[in-house]
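Asks: Structure in structure tokens, see below.
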Amino acid sequence: MNILILNCGSSSLKFQLIDTDLARIDADTDLLLARGVIERIGSQSLISLIRQGGAVTKLALPLRDHRGAIEWLCQWLIAPDSDIPTINSRADIHAVGHRVVHGGEKLTQSLLLDTAGIKAIEDCIELAPLHNPANLDGIRAATAILGPSVPQVAVFDTAFHATMPEKNFLYALPYQYYRRYGVRRYGFHGTSHRFVAYRYRLLTGLARQDVRIVTLHLGNGCSACAIDGGVSVDTSMGMTPLEGLVMGTRSGDLDPAILEYLSHKEGMPLEQLLGVLNKQSGLLGVSGLTNDMRELLAEERDHKDRRSTLAIELFCGRVRRYIGAYLAELNGANSIVFTGGIGENSAEIRARICDGLRWIGVELDPALNAQAIGREALISTASSRLAVYVIPTNEELLIARDTFRCIWARDHEAV
Ligand code: ADP
């Protein structure tokens, strides 16, 4: 089944086209047919696409909205020069899987969309006003372009964390704010943590109930997750993705009273301050240079830039703090697992994080660590008390498989 995976941001769209079915899932032979990203939707959009085995196509075109972008994308997918042998008309796109950021408390599993499902996602807009509307635009656009009979599935970033116990998801605020307004921690990056936990199980041969790990998704956005019995019991992002680790441009944890103080000092309204916390803080804010970890490491190496080092140290220190907290929460664990752009590719950052964990017997093997770039690998020594792994994430693959499974379940329940 050819499944189009859409991840719609406010002005961007990432996509993959994946061929999967029961046999492919079983054999782990899902086929990536094409992938790409369209940025700056709403003005002169930048498009970068690649068909599997082909060259990268880059172009700039005015695309007015998500509908325009998806319309263009479908044309490209079926055009002869895109050269995807199994896609010759729109009818060859059999289903669409959407990454949806917020599912609130009710949408805790991937969902085959109908009118009621779309309404339920709309009900979560209040919780994710920046993200869910873009996801809904993508859903509506796909319906308009491919027709209402093409099944669409929503896979929620929050869903994996629905198993968190109340003591971990509640803030220590007056309880009625949770009851009345749903103020609680929801967590995000759930599809990534879930995928990594699943791959970890395959790699180690452990039964699901024996999986007790700390997963670290370190990309532009960053989050840690404590997984016990294969399910999430705690995670570092909160009501919004702002809480927790230091990220590319997000501050992560801070004292909320800073908001009032800064608002007074800088004469800034709250909304603008939240923009600073989301877009001008983290690695970018501390270094004053960039949100890109590669560039910070280069600045440190080539120019001994003090604030780049400070940003990296803050980043690694916060990750260590969460590892410590989650090992306590889990009462010990089998492994720590790195994923995300930084976690998968930077041996140096992994080493700097783990360097402060010798006291609990974490011992990286420098050679294994250096070789583990963008691939699954054990990077700790045989005598390390906790194993440390690198497991590249693949959220799109999980979305494709969930999409297939939801449709399969519908068809087999109906019989
Ligand atoms: P997103 O969260 O947007 O999906 P990614 O998971 O792709 O982002 O991660 C992007 C981050 O990964 C950037 O900070 C980038 O600098 C970092 N990164 C990628 N490769 C490396 C590397 N080899 N060394 C250090 N950082 C890297």
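Asks: Output the residue which, of all residues in the range 365-402 that are in a strand (DSSP E or B) and within 16 Å of the ligand (Cβ to nearest atom), is surrounded by the fewest Cβ atoms within 10 Å (Cβ to Cβ).
Replies: Going through the range 365-402, the residues in a strand (DSSP E or B) turn out to be 377-378, 380, 387-390.
Retained after the next criterion (residues that are within 16 Å of the ligand (Cβ to nearest atom)): 377, 390.
Details: ALA377: 19, VAL390: 24.
Per the stated criteria, the residue is ALA377.
Asks: Taking LEU259 as meeting all but one of (1) within 14 Å of the ligand (Cβ to nearest atom); (2) surrounded by fewer than 20 Cβ atoms within 10 Å (Cβ to Cβ); (3) closer than 27 Å to LEU173 by Cα; (4) not β-branched (Val, Ile, Thr), write down the number of the exception.
Replies: So the condition that LEU259 fails would be (1).
Asks: Picking from TYR326, TYR322, which residue would you name as being in contact with a Ser or Thr (Cβ under 8 Å, 6 or more places away or on another chain) and surrounded by 18 or more Cβ atoms within 10 Å (Cβ to Cβ)?
Replies: On the way: TYR326 fails: in contact with a Ser or Thr (Cβ under 8 Å, 6 or more places away or on another chain).
One residue alone meets the criteria, TYR322.
Asks: Condition (residue is in a helix (DSSP H, G or I) and within 16 Å of the ligand (Cβ to nearest atom)) applied to the range 329-340: is it met by at least one residue?
Replies: Quick first cut of the range 329-340, residues in a helix (DSSP H, G or I) only: 329-330, 340.
After this cut, where a residue has to be within 16 Å of the ligand (Cβ to nearest atom) as well, the list is 340.
Looking for residues that are in a helix (DSSP H, G or I) and within 16 Å of the ligand (Cβ to nearest atom), one finds at least one in the range 329-340, hence yes.
Asks: Where the second residue is away from the ligand (no atom under 12 Å from the Cβ) and the first is without any contact (Cβ under 8 Å) to a residue 12 or more places away in the chain and lies in the range 344-360, which pairs have Cβ atoms under 8 Å and are six or more apart or on separate chains?
Replies: So the pair list comes out empty.
Asks: So the check is Cβ under 8 Å with 6+ separation or different chains; which pairs have a first residue in the range 130-147 that's acidic (Asp, Glu) and a second one that's assigned to a helix (DSSP H, G or I) and surrounded by 20 or more Cβ atoms within 10 Å (Cβ to Cβ)?
Replies: The qualifying pairs are ASP137/HIS66.
Asks: Collect the residues in the range 142-157 that are of a type in the set (A, V, I, L, M), surrounded by 14 or more Cβ atoms within 10 Å (Cβ to Cβ) and outside any loop (DSSP other than H, G, I, E, B), keeping them in residue-number order.
Replies: If we filter the range 142-157 for residues that are of a type in the set (A, V, I, L, M), which is where we start, we get 142, 144-146, 150, 153-155.
Filter again for surrounded by 14 or more Cβ atoms within 10 Å (Cβ to Cβ), leaving 142, 145-146, 150, 153-155.
If the condition is that a residue be of a type in the set (A, V, I, L, M), surrounded by 14 or more Cβ atoms within 10 Å (Cβ to Cβ) and outside any loop (DSSP other than H, G, I, E, B), then ALA142, ILE145, LEU146, VAL153, ALA154, VAL155 are the ones that fit.
Asks: Filter the range 89-111 down to the residues that are buried (at least 16 other Cβ atoms within 10 Å of the Cβ) and within 28 Å of ARG179 (Cα to Cα) and list them by number.
Replies: If the condition is that a residue be buried (at least 16 other Cβ atoms within 10 Å of the Cβ) and within 28 Å of ARG179 (Cα to Cα), then ARG99, VAL100, VAL101, HIS102, GLY103, GLY104, LEU107, THR108, SER110, LEU111 are the ones that fit.
Asks: Need the failing condition index for ASP255 against (1) among the charged types (D, E, K, R); (2) touching a helix residue (DSSP H, G or I) at 6+ places or on another chain (Cβ under 8 Å); (3) not in a helix (DSSP H, G or I), just the number.
Replies: (2)
Since every read-out is calculated from the coordinates, none of them should be taken as a lab result. Worth saying up front: this structure is predicted, and the values here are computed from it rather than measured. Every residue, glycine as well, gets a Cβ built from its backbone with ideal geometry; the counts of neighbours run over all protein chains shown.
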